[in-house]
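One structure is given below, encoded as structure tokens.
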Amino acid sequence: QWQVFLLWGHSAGVEFGAAEPLFQRDPAFYVFTLPWLKFLQGWLFSTLVGVTFLTAIAHLFWGGIRPQARTWAERVVPATRAHLSVLLGVIMLIKAWGYYLGRFDLLTSRRGVVQGASYTDVNAQLPALNFLIIAAVICAVLFFANIVRQRWALPIIAVIVLGAVSVLLGTAYPAFVQRFRVTP
């Protein structure tokens, strides 16, 4: 992605002169900055997921995670729990950033008759993405709180709820609005 990086790196002060109406951003943001931010977010997310997976395996081999322990509290050493909680919390923050950047993709949506932000995108998908940003930040806070609280139940339930809400609000609700509010 060196070309995307160079476009972003040399675009300081470049403006096209007219802001788009939905987010009040100059089109230069969508041409130069947004592709780099989306690449950076995707790279950070995938890298941290891989690092977290490898870290969990390393903790398993070195005794930080003990599946043979009698109680749930003894299965993960507090230092391991803190380490994994920080990594998972940062992953949730990067996911929230991904939802934030995903809002800008609504301007090039192909959901309607023409390419661009349709009624469904503006009135269903955009509020859903805003809600998902807040939900992902709450999940991150719960993972960071897990460092002190040392209970996995609440962060895991929050991630499951985030996944369910992501499917319902991110996919099902916009499809419902498109089918029953726009199509008739």
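The values are calculated or read from the model by the stated rules, or taken from the named source; none is laboratory data. Predicted model only: the values in this text are computed from it and were never measured. Please note: Cβ atoms are built from the backbone with ideal geometry, for glycine as well, and neighbour counts cover all protein chains shown. Areas reflect the complete protein model, heavy atoms only, side chains present, ligands, DNA and RNA absent. Shrake-Rupley method; radii C 1.70, N 1.55, O 1.52, S 1.80 Å.
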- Message: If you split all Cα-Cα distances of region 1-61 into 5 Å bins from zero, what percentages do you get per bin, shortest first?
- Response: 4, 17, 18, 15, 12, 10, 8, 7, 5, 3, 1, 0
- Return the long-range amide H neighbours of Val76 (sequence gap of 5 or more, or a different chain), with a cut-off of under 5 Å between placed amide H atoms. Arg66
- How many nm is it between the label spots at Ala82 and Val31, if each spot is 7 Å from the Cα in line with the beta carbon? 5.0
- Item | Mean separation of Cα contacts under 8 Å (6+ apart) over length of the chain, as relative contact order % | 18
- Query: HN-Hα J couplings of region 88-101 from phi, Karplus 6.51/-1.76/1.60, θ = phi - 60°, integer Hz, Gly and Pro as x?
  - Reply: 5, x, 5, 4, 5, 5, 5, 5, 4, 5, x, 5, 4, 5
- Message: Suppose every Lys and Arg Cβ carries +1 and every Asp and Glu Cβ carries -1, with no other charges. What dipole size does the chain come out with about its Cα centre, to the nearest 20 debye?
- Response: 700
- Calculate, in nm to one decimal, what Thr55 and Thr171 gain on full extension: separation in residues at 0.36 nm each, minus their alpha carbon distance. 38.5 nm
- Query: Roughly speaking, to the nearest percent, how much of region 121-164's 1.4 Å accessible area is carbon and sulfur?
  - Reply: 79
- Estimated FRET transfer efficiency when R0 is 30 angstrom, pair Gln3-Phe45 (beta carbons, to 0.05): 0.90
- Projected onto the charge dipole of the chain (unit charges on the beta-carbon of Lys, Arg, Asp and Glu, signs +1, +1, -1, -1), the Cα from Phe5, Pro127, Ile138 with the largest positive-side position is that of Ile138
- With contacts defined as alpha carbon pairs under 8 Å and 6 or more residues apart, what's the relative contact order of region 19-85 in percent? 18
- Query: With Cβ to Cβ distances under 11 Å as the rule, what net charge do the other residues near Trp152 carry (K, R +1; D, E -1)?
  - Reply: +4
- Query: Based on the alpha carbon coordinates of region 97-184, what radius of gyration and maximum Cα-Cα distance (Dmax) apply, in Å?
  - Reply: 15.7, 53
- Message: If each DSSP helix of 4+ residues adds -39,500 (n - 2.57) and the sum is divided by the residues in the chain, what number results at 222 nm, nearest 500 deg cm²/dmol?
- Response: -20000 deg cm²/dmol
- Task: Could you let me know the centre-to-centre spacing of region 60-83 and region 94-108, using Cα atoms, in angstrom?
- Result: 36
- Query: Using the Cβ atoms and a cut-off under 13 Å, what net charge is assigned to the surroundings of Thr120, where Lys and Arg are +1 and Asp and Glu are -1?
  - Reply: +3
- Ranked highest first by the average count of other Cβ atoms within 10 Å around their residues, in what order do 83-94, 29-40, 161-172, 59-70 fall? 83-94, 29-40, 161-172, 59-70
- Item | Folded to 0 to 90 degrees: helix 126-149 orientation relative to the chain principal axis, Cα | 20
- Working from Cα positions, state the angle (0 to 90°, nearest 10) between the long axis of helix 34-61 and the longest principal axis of the chain. 10
- Query: Between Ile134 and Leu101, what is the label-to-label distance in nm when each label sits 7 Å out along the Cα-to-Cβ direction?
  - Reply: 2.4
- Query: Taking only C-alpha pairs under 8 Å that are 6+ residues apart, what is the relative contact order of region 90-140 in percent?
  - Reply: 51
- Might you tell me the accessible area per residue for region 88-145, computed with a 1.4 Å probe and given in Å²? 46
- Task: Provide the gained length on full extension for the span Val114 to Val141, in nm with one decimal, where the gain is 0.36 nm per separating residue minus the Cα-Cα distance.
- Result: 5.8 nm
- Note on the structure: Hull surface over four for the Cα convex hull of region 105-153, reported in nm², is 4.2
- Query: Considering the values [x] 55, 36, 28; [y] 62, 46, 22; [z] 72, 32, 29, which represents Cα extents along the principal axes in Å as calculated for the structure under consideration?
  - Reply: [y]
